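For reference, the structure discussed in these notes is given below.
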Amino acid sequence: MDNKLKFSKVRWAIILILVLVGIGLCVELSYIFYKTNFAAVYVPSFCTVSDLIDCDGVSRTTYSLTFGVPNALWGLFLYSIILMLLFVDRIQAKFNNTIFDVFENPRSYIATLGLISFALSMVLAFISIFKINKICVLCFCTYFVDLFIALVAKQKGFFVEDIKTTIIDFVKGAKKYFALFLIVLIAFISALVYFDKTYIFSPKLKQDRVMKEFFEAKHNKYAIKGNILGNEDAKVVVEVYSDFNCPFCRVLNIMLHKIAKDGKILVKDTNFPLDTSCNSKVSSTLGGHETSCLYSKYALAAKKQGKHWGVSNILFDYHPKTVEEINERIKKAHLDIDMDKLMSDVNSPAVAQELAEEIEKAGQLNLNGTPALVINGVFYMGGMPYDELVERINLAQKRAEN
């Protein structure tokens, strides 16, 4: 093959060595990714030595994947193609008049692939340094391997001829095997969409992506206004013990609203404000919880007018500081609520007694914080990821049906 002769033995051997080094680095990076994203317990990698030099930390971020596929696997894919191109003349000699004949200028393809991968690597390097604030030493090693491959393989000049040749040959090959090209392209894009949606390569990152909806929500888009959240005839009853100033209680509240849309559960809310002004079960008022008792009284008072969740979601979303701010927020929400009656109930002995009874009920569970859940009689302390919550509810549903 005439074009292959442009590769001197030295250049060919150097690229082969670089490719093998790249494969070794990517195998190690794949192993690190597996440990940090799948293993329950693992020993930190040798390249995790500080807050800055932290391969494990980088592999735990969403930036360690592209289209849902770990960057280490993309690297293996790249080096496999380059390895194939290095031996394509031998493949062509063995399989004449096949698709391999379209690879007329493998050296240019290798130079172009090396250049493109290095350019993309610089984007990842920028993200690593300035966004993640962590450096993966092994990743940076692959970046330089890509650069060296490009430099060794390139023709004279700054890659212009290599890129031009690669584009021309690519278009020619796509036209010659158009049907096959189209099938491969559709399959490739479909696979990427699947990987990106399912996060099959990283369940922990998938969990983070799912939870992002709830943690970053400015408002509860699933919010209801009435007293009943879910289906009164549901076989699964979720009792939630919460504090309006507890950050994860707000997250859990949105999660339960979303699940309740399907009508499979009935959510029953019990107040457990971490505020000593009404709760003797806690030793001290946690910082930021000074309005918790007041919020609980508002929620209970709103229930008397059938607007429990309407007011509760306002308190979760806005955390108004004073009575005036609370009332203003409720008025703006247009809940069709009698404000005079609401204020009378907030300050009534009856609501104070209801709150005391709810606190006593929560105290029987020996709560030391919030949130807490009781799903069909099974107690769970603390928050949990959305997928886990759905799984536990589904399990309770199966038990109830059996």
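Can you say whether Asn37 is in contact with a Leu (Cβ under 9 Å, 6 or more places away or on another chain) and modelled with pLDDT under 90, as far as the supplied structure shows? Yes.
Of the residues making up the stretch 101-141, those that are within 25 Å of Lys9 (Cβ to Cβ) and touching a Leu at 6+ places or on another chain (Cβ under 9 Å) are Phe103, Pro106, Arg107, Tyr109, Ile110, Ala111, Leu113, Gly114, Leu115, Ser117, Phe118. For the stretch 133-145, a residue qualifies if it is in contact (Cβ under 8 Å) with a residue 60 or more places away in the chain and either more than 16 Å from Asp51 (Cα to Cα) or surrounded by 14 or more Cβ atoms within 10 Å (Cβ to Cβ) (or both), and the qualifying residues are Lys134, Ile135, Cys136, Val137, Leu138, Cys139, Cys141, Thr142, Val145.
Within the stretch 236-254, track down each residue that is at pLDDT below 95 and basic (Lys, Arg). The answer is none; no residue qualifies.
Being under 32 Å from the mean Cα position of the chain (by Cα), buried (at least 18 other Cβ atoms within 10 Å of the Cβ) and either of a type in the set (Val, Ile, Thr) or outside any helix (DSSP H, G or I) (or both) is true for just one of Lys206, Lys218, Lys225. Which residue is that? Please lay out each step first, then the result.
On the way: Lys206 fails: either of a type in the set (Val, Ile, Thr) or outside any helix (DSSP H, G or I) (or both); Lys218 fails: buried (at least 18 other Cβ atoms within 10 Å of the Cβ).
Residue meeting the stated conditions: Lys225.
Taken together, Leu120, Leu73, Leu78, Leu65 contain a single residue that is buried (at least 20 other Cβ atoms within 10 Å of the Cβ), at pLDDT 95 or above and of a type outside the set (D, E, K, R), which is Leu78. Take Ser45 and tell me if it is surrounded by 19 or more Cβ atoms within 10 Å (Cβ to Cβ), at pLDDT below 95 and under 18 Å from Gln207 (Cβ atoms). When the stated conditions are applied, Ser45 does not pass them.
Which of the following residues is assigned to a helix (DSSP H, G or I), out of contact with any strand residue (DSSP E or B) (no Cβ under 6 Å at 6 or more places or on another chain) and at pLDDT 90 or above: Lys175, Lys212?
Only one candidate passes the filter, namely Lys175.
Exactly one residue among Phe148, Phe181, Phe130, Phe170 is among the hydrophobic types (A, V, I, L, M, F, W, C), outside any loop (DSSP other than H, G, I, E, B) and exposed (fewer than 13 other Cβ atoms within 10 Å of the Cβ), and that residue is Phe130.
Looking across Leu113, Leu86, Leu124, one residue alone is under 34 Å from the mean Cα position of the chain (by Cα) and closer than 17 Å to Leu20 by Cβ. It is Leu113. Looking across Ile23, Ile32, Ile15, one residue alone is in a helix (DSSP H, G or I), touching a Phe, Trp or Tyr at 6+ places or on another chain (Cβ under 6 Å) and surrounded by 13 or more Cβ atoms within 10 Å (Cβ to Cβ). It is Ile23. Where helices (runs of 4 or more DSSP H) fall wholly inside the stretch 46-112, the ranges with 1 or more residues that are touching a residue at least 40 places away in the same chain (Cβ under 8 Å) and in contact with a Gly (Cβ under 7 Å, 6 or more places away or on another chain) are 71-86.
The values are calculated or read from the model by the stated rules, or taken from the named source; none is laboratory data. Bear in mind the structure is a predicted one, so any value in this text is a computation, not a measurement. Here Cβ is always computed from backbone atoms with ideal geometry, including for glycine, and neighbour counts include all displayed protein chains.
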